[in-house]
Every structure is written in structure tokens, then in C-alpha cells.
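The values are calculated or read from the model by the stated rules, or taken from the named source; none is laboratory data. Note that this is a predicted model, so its numbers are computed, not measured. Ideal geometry is used to build each Cβ from the backbone, glycine not excepted, and the neighbour counts take in all protein chains shown. Accessible surface is based on the protein model in full, side chains and every heavy atom, while ligands, DNA and RNA are left aside. Shrake-Rupley method; radii C 1.70, N 1.55, O 1.52, S 1.80 Å.
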Amino acid sequence: MLEAGPAGIDPGVVRVRLDIAYDGTGFSGWARQPGLRTVQGELEERLAALFASTGATPRVTVAGRTDVGVHATGQVGHVDLGAGELAVLARVRGHATSSGPDSLARRLTGMGGPVSDLVVRRSGVAPAGFDARFAALWRRYEYRIADAAGERDPRRRDHTLWHPGPLDEAAMLDAAESLLGLHDFAAFCRPREGATTIRTLQAFSWQRDDSGVLVAEVRADAFCHSMVRALVGACIAAGEGRLAGGETAALRDAGLRTSAFTVVPARGLTLVEVGYPSDDELASRVERTRARRDAGELQAAD
């Protein structure tokens, strides 16, 4: 018998974790918007169709509400399901060998057709205290750039920025490492009323893959709007020789938006992983994260 969901949701409701991947090219970002195709809108339309007999309209919460054109291979979400929805999932259909919350991923993915730009890779009952957004310890993104030394693969043109000239990888790495730590990243964030721009940038590095493409790894406790793409833009300026060593950190400390670098396009950006604490620490993590909202809304987005 399934256990009830974590504290904060109605008794008898089961919280289901979803591991989600999508190609952001055809979406207007994650968040549901009237008249626009979004990842949340598409996923919730599938949920509504699956549970049409119950009249339920389940809502999905995710770790990071990605911006227009941003991709994901490791997005994490949750959805709360009541008795009616669980009864639907309990029915084994066709050649299926599983039922219940574990089958939700298969059913939602199947509703996208044989070739879909939105896939739910895994689903299952979440541990007590789990919240996809507020329990997250960190989010990790990658950004791909094919400069003059990198292979331009037309199959990945919607997932890689093509840069016309050469970039100095060492200068980019120096710029990235100078930004690490707990700081106010207002200079790298699109302002939003009531939202804090204080973040802990835990990791930021550059390396070339086997095809010569520059790949950034960027990890933080959370990201404010356009932050990753602005950080990458500053590193490109350093790689072109337009920003000298230490200038990226000086721009950060100035706390003002600047024309010294350009925010790069979304197509090279992918959310690849979200980190969570051990199951017995989930509830306390959620409590601490929610408490920090008193000093300003923590919004993971890019």
C-alpha cells in the first residue's frame, strides 16, 4: 500500500517524482503561459488527458523554471496525485508490465507520440519531505560553444552556440573561477521585483570535448533569471581578450548591468542535473529554503 505524501499536502495524496528531459527549441520556456507552447503546459495537458475521467488537473512543480529555448536532460519535478488518479495508474493496459506511479513516466511519454521533444524518463513515489524545488541543493547546467577550433555539427546546431572566432580557453577558465563563491550576482541577472540575486556559485569551469567544442559546467544553489547565459557571455568576452583577468569579478562586485559582455543565446544551454540531500534531510532542507524567502524570493531559472 502506498504511503501518504510528505507533510504539507493532503492526507491520502501521493507525491510522485518525475525526471524530465526536453528539447527547448520548440517551447516558450517552462512556465505555463496562455496561448504559448511551454513545457509545463504540454506536460500538464498530458496529465489532464490521462486523468480526464477523474476531472483532476494536476500541476507540476520543478527544480528550475527554464527560460525560452533552454534544454534539459536532468530536470526534476513532482506532481501530487489523489485516489482517483492513483486508481487510473493501477490499471495495467496493453502489454504494460507495470502500474501505479512507476508507470506514469511511460504513459506520459507515450502520449507525446513516437518522436517527442518532451520525455519523462522516470517516475516513482517521492520520499517523505521531497519537494522538487525547495529540497534541491544545487542545479547544474552545461553550455556548449563551437568556436573556430570546435567542430560545427549541424545535428547539434540548436544545442550549441557557433562562435565565429577563436576563444582562449585558459582566459575563460580564469574568468569563471574568479566568480566562484557566495556573492550578489545582480550584474549577471535580469532584475525581478522582490527576487534576491544573492547566490552561491559552487562550480564554474571550461573544457573542450573530443570534437573541440568548449563546454562549460556551471553549478549553483540556484540561478536567477538569465544568470548562466550572462556568466557565459562574460567568459566569452574574456576569451576574446576584451576582459582582462579580474575584471569579471570587478563587474560582479559593482553590482550593475553592463555592456562589457553580451548575454548569450539560450540554445547552447542545458539543465543536466539537480542535486538533493539524503532522504532523511529532505524536510529540513525544504524548511531552510522556504525560510530564506523572507529575504527575497529564490527563483531558479535561466
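What to note about this one:
- Test for LEU89: is it aliphatic (A, V, I, L, M), touching a residue at least 12 places away in the same chain (Cβ under 8 Å), farther than 24 Å from GLY24 by Cα and buried (at least 20 other Cβ atoms within 10 Å of the Cβ): yes
- Any hit, region 233-243, residues being among the basic types (Lys, Arg) and either closer than 30 Å to PRO154 by Cα or assigned to a loop (DSSP other than H, G, I, E, B) (or both): yes
- Checking ARG219 against (1) charged (D, E, K, R); (2) modelled with pLDDT under 95; (3) not in a loop (DSSP other than H, G, I, E, B), the condition it does not meet: (2)
- Hits in region 251-271 (condition: assigned to a strand (DSSP E or B) and either surrounded by fewer than 18 Cβ atoms within 10 Å (Cβ to Cβ) or among the hydroxyl-bearing types (Ser, Thr, Tyr) (or both)): THR270
- Whichever residue in region 174-185 is assigned to a strand (DSSP E or B) and touching a residue at least 40 places away in the same chain (Cβ under 8 Å) and, among such residues, is surrounded by the fewest Cβ atoms within 10 Å (Cβ to Cβ): ASP184
- Scanning region 189-216 for residues that are outside any strand (DSSP E or B) and of a type in the set (S, T, N, Q) yields THR196, THR197, SER211.
- For region 163-173, the criterion of being closer than 28 Å to TRP30 by Cβ, over 23 Å from the mean Cα position of the chain (by Cα) and open to solvent by 10 Å² or more (accessible area, probe 1.4 Å) is satisfied by at least one residue.
- Of everything listed in (1) farther than 30 Å from LEU167 by Cα; (2) in contact with a strand residue (DSSP E or B) (Cβ under 8 Å, 6 or more places away or on another chain), the single unmet condition for PRO114 is (2).
- Among the residues of region 203-215, not a single one is among the polar types (S, T, N, Q) and farther than 22 Å from ALA146 by Cβ.
- Residue list for region 25-68, filter: closer than 16 Å to ALA83 by Cα and free of Cβ contacts under 8 Å to residues at least 40 places away in the same chain: ALA48, PHE51, ALA52, SER53, THR54, GLY55, ALA56, THR57, PRO58, ARG59
- Qualifying positions in region 106-163 - of a type in the set (A, V, I, L, M, F, W, C) and over 18 Å from LEU271 (Cβ atoms): LEU108, MET111, VAL115, VAL125, ALA126, ALA128, PHE130, ALA146, ALA148, ALA149, TRP162
To keep it simple, each residue is scored yes or no on (1) touching a strand residue (DSSP E or B) at 6+ places or on another chain (Cβ under 9 Å); (2) farther than 20 Å from VAL274 by Cα; (3) modelled with pLDDT of 95 or more; (4) not basic (Lys, Arg).
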| site | (1), (2), (3), (4) |
| --- | --- |
| ARG140 | yes, no, yes, no |
| ALA146 | yes, yes, yes, yes |
| MET172 | yes, yes, yes, yes |
| HIS183 | yes, yes, yes, yes |
| LEU201 | yes, no, yes, yes |
| LEU214 | yes, yes, yes, yes |
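- Subset of region 276-299 that is out of contact with any Leu (no Cβ under 9 Å at 6 or more places or on another chain) and modelled with pLDDT under 85 - its residue that is surrounded by the fewest Cβ atoms within 10 Å (Cβ to Cβ): ASP294
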